[in-house]
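Take a look at the structure below.
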Amino acid sequence: MRRYVLRRLAVGVLQALGITIAVFFVIRALPADPVSRIVGMNPTPESIKQARHALGIDMSLFQQLLTFLGFHGDGVFTGSLGKSWVSGATVLSEIAITLPTTIQLIVTSFIVALAIAIPIGMATARRPGGKLDKGVFGYGLFAGAQPEFWWGLIFIFVFYFKMGIAPAPLGMLDPELTAPPAVTNFVLIDSLIAGDFTAFKSALGHLVLPVLTLSFLLVGPLLKMTQQSMSRVLSSEFILYQQASGLEKKSIGRSTLRSALAPIITLTGILFGFMLSGAVLVESVFSLNGLGQYSVAAVLNLDFPAVQGVILVISVISLFVYLGLDLLLAKIDPRILVK
Amino acid sequence: MNQTEALLSTRGLTVKYPYGDVANVVIDELDLDLYPGQIVGLLGESGSGKSSLALAIMGLARHPGVVSGEVNFRGQDLLKMDDEELRQIRGNSIGLITQKPRQALDPLVNVGKQISRVYRAHSQASKVEAQIRAVELLRSVGINDAERRVSAYPHELSGGMAQRALISMALSVEPDLLIADEPTSGLDVTIQAQFLDRMWERARDANIAVLIVTQDVGIVANYCDRIVIMEDGKITEDRATVEFFANPHTDYGKKLILSSGADAKASNADVAVITSPEILRVTDLRKTFEVDGGKRLQAVSNASFQIHKGRSLGLVGESGSGKTTVGRLILRLADPDSGEVWFKGGRIDSISPKEFRKYRSKIQAVFQDPFDSLNPRWPIERVIREPLDLHTQLSKEEKLARVKELVSLVGLTDDILPLRPGSLSAGQQQRVSLARALATEPEFLILDEPTSALPPAARADMIRLLKSLQERLDLCFIFISHDLSTVRELCHDIAVMYLSEIVEMGTSEQVFSAPSHPYTRALLDSVLFHDPSNRRVDRKIKTELEGEIPSPVDLPQGCYLAARCPLAEQRCRDDHQELIQIGPSRSVRCWKSVEASER
């Protein structure tokens, strides 16, 4: 077990490193010059040369890689992801601000989505063709056919503009509130640490619409998967046998759910990795300064250190998420051997 | 026997599977009465609704089926009960044993927990008490080291052990009615006999009603008091077993009885000196496979035999005995670790695959699964023609003529030639396989369980066909099977295999009339004759084997059968047994049998 985890981690670290190095070369192969963004219009050859030197891209590609990895001063191996070419701040400090916003958004969305998808999926699997099942089918067609930012806009229109029950879609807090002192950069947690319940409530309020938007989309695939997995288990021989043995309903329900859980967990993991940077449209609609926004800006600004940093961080997080899920699956299913 | 009150009676019992607005009716307004102490055999072709009926009796249907009508159990209608009342009857008063034991167990929970869950659902026992009871129950159904097995997960059990676990669950609460849906379909014959004997005794002793769903005429003839035949969701025949065998009413019933003509005498077996030339000789063949953890599984050891022209050898044994591997080694589908295979005086085990190719047309095979052995995208004509394309220089017309000849040889007609394998029945598919094997006029055939995957009627037809071909073409073959009556009918000589070794060899006549090795005797004893006047349960002396077949990875030091053999002594457990000749063309691997023959 411990050896398995260590081996997975070792392999994962190598993978993350490999991905980062690949990205390092691929972005440098783009037919775009990051210097042109910095030197402004009508640059002199002098200023271009200076800017190239300042960014360190006057060195050979190999030297640049060594610098990035930390063979000349701080780098990946010493826990530094370099400085952003746009803001001058360290990439790590910028990710430390944007990542919690995104994690907070998607974790809450997943909790909400799973809390909706699993019970409804179970119910519809039990009664295929029932009213609820038809409703779910309609929802699937409806929700799946339209992009997420569109739903975000509709929710803003209805709940903020028309009904006025949601806060303005501008960030995580009301503009008149001061942010609680940053400890974890998770606004919800920080406000609780500071004992600032007004800020906490405001942050929670600001999360409602983006979470609604994201979970509205996440529920679709999760619900479908729950339904399929549940109806597979429900028509399985052993559930039938448990009924024939006169086990209590609760006990049968527990066995069913446990057996149906594995594909749902796997899907959750895949969606989670995807959402880390895929929530960008929702982040922009609600003006949330998250990782998705940050990474898009980094790419558009040709901010190479930021792009490399974001990709490394996402792959490391995905690595842990997948490892955690695999361990969870092994815990649920004794047939999955963890050697 | 109808004076007693019915324990359970169904009236207008119906099971439907809704598909949109239409419903597929699987059980159609069915009336059936079951009496205490009576064992009823429920027969019918697959798809006739037998299994659905077995469940519907408990008010159950496979998801998403719907049960309606009346099921009166001790005067109460199960279908009108609320969930809790029904729950207390299921698994408590009515027990179920299903066809696929391993699938019937929750794969995520260990066996002990599953047994104790059922026990606790119907008693006030605490968790600890239930766990202790689970161990007792497992031991009571003959599982060795039950303490260790309770914590095993279903995937760690063999089919036989999973079946025992299910039985222990079904019997944990002493039901009044036991429903067994093809309870022995995945089991080896000796284990099947063990299980059915025990169930029969239970039913007699505790006066419980039993409903056995089966396709096996042998089981019905040997263990059932009454027979119910289902066709298309309806009962078409319902009579006492003896009456049914004397005079079946339905066509299906007649077909069943007809197909059971397999109890025929041994084939023209004689111990006379065989003068025909030797075709195949196998000496000291040995094969092991590597399994997880670097251990080696012994599949075949010290197999030696020879086959002369026009004769046939039956290779008999239970699953894991190595009989199929012997066939594969001869066909060069696997290479032996040691030993020799000679075909018409030429050694074929050590030649290169390229050199072996010229033997391919001379040595052909038919395998167990009829559909898997045919290319589903090819028309039958091409399937049968393929060996002609590979091994002959015939013209197109000659090939077609030969294909037609082969088709009629195996009792099929030309109109199947353009069809694809998928549209043929299993019996027809197997005939096509046979026609393909015969295409190049092989001198030697390996028939690996060619009848095992066929339904009873098709099996009987196939045996008749093989028998007539044997006479007409003077075929020489090895017939691999676990079905003793088939082997007896088709083969001149027999080799009985147990755990990688041949334990007894002789002519069919010798082995069947006077089996010598204890394993052979047990195997013969577990044959269920299709004759209610010759029932296994009525036989006085039975050679019963205990427990499970040991693992071929950790083989015992002495005789491989010692742990299960009723005659075993210390010497059996210490000394490995050799195959010793005890008469003309007859040998046995058991010192006790050898001594007995010398007396």
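Values quoted throughout were computed directly from the atomic coordinates according to the rules given, and no laboratory measurement underlies them. Source: prediction; values computed, not measured. Quick reminder, even Gly has a Cβ in these numbers, built from the backbone with ideal geometry, and neighbours come from all protein chains shown.
Values for this structure:
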quantity: Charge context of residue B:576, other residues only, Cβ under 10 angstrom, K/R +1, D/E -1; calculated: -3
quantity: Length released on extending from residue A:228 to residue A:77, taking residue separation times 0.36 nm less the Cα-Cα span; calculated: 49.9 nm
quantity: Estimated translational D of the stretch A:91-332 in µm²/s (Stokes, Kirkwood radius over Cα pairs; 10 °C; 1.306 mPa s); calculated: 80
quantity: The protein assembly as shown - convex hull of the alpha-carbon atoms, volume per residue in Å³; calculated: 261
quantity: Cα centroid separation, the stretch B:60-95 to the stretch B:11-52 (Å); calculated: 14
quantity: Spin-label pair residue A:139/residue B:571, simplified geometry with 7 Å Cα→Cβ offset, distance in nm; calculated: 7.8
quantity: Folded to 0 to 90 degrees: helix B:380-391 orientation relative to chain B principal axis, Cα; calculated: 30
quantity: At least 27 Å along the helix axis (C-alpha) and Kyte average at least 0.5, DSSP helices within chain A; calculated: A:2-28, A:91-126, A:197-234, A:249-278, A:304-332
quantity: Calculated from backbone phi, Karplus (6.51, -1.76, 1.60) coupling profile of the stretch B:197-211 in Hz, x at Gly/Pro; calculated: 4, 5, 5, 4, 4, 4, 4, 5, 5, 9, 6, 9, 8, 10, 10
quantity: Segment residue B:88-residue B:205, extension gain: residue separation times 0.36 nm, minus the distance between their alpha carbons; calculated: 39.7 nm
quantity: Two-site FRET efficiency, residue B:372 against residue B:127, from Cβ-Cβ distance with R₀ of 60 Å, rounded to 0.05; calculated: 0.85
quantity: Virtual spin-label span in nm between residue A:149 and residue A:62, 7 Å along Cα→Cβ; calculated: 4.3
quantity: FRET efficiency for residue A:10 and residue B:333, using Cβ-Cβ distance with R0 set to 45 Å, rounded to 0.05; calculated: 0.65
quantity: Averaged over B:63-72, number of beta-carbon atoms from partner chains that fall within 10 Å; calculated: 2
quantity: Residue B:304 paired with residue A:36, simple spin-label distance in nm, labels 7 Å along Cα-to-beta-carbon; calculated: 8.7
quantity: Over chain B, relative contact order from alpha-carbon pairs under 8 Å, at least 6 apart, %; calculated: 14
quantity: Computed E for residue B:185/residue A:208 - FRET, C-beta separation, R0 51 angstrom, nearest 0.05; calculated: 0.35
quantity: Proximal charge balance of residue A:283 [Cβ under 15 Å; K/R count +1, D/E count -1]; calculated: -2
quantity: Amide H contacts under 5 Å for residue B:580, placed H, 5+ residues apart; calculated: B:588, B:589, B:590
quantity: For residue B:231, distant residues with modelled amide H under 5 Å away; calculated: B:236
quantity: Relative contact order computed over the stretch B:410-564 (Cα-Cα under 8 Å; 6+ residues apart), in percent; calculated: 14
quantity: Choice from A:307, A:282, A:39 showing the highest fluctuation, given a GNM over chain A with Cα pairs closer than 10 Å; calculated: A:39
quantity: Most positive-pole-ward Cα, B:387, B:421, B:439, against dipole of the stretch B:377-440 from beta carbon charges; calculated: B:421
quantity: Extended-chain gain in nm, criterion 0.36 nm per residue less alpha-carbon gap, residue A:300 and residue A:48; calculated: 88.7 nm
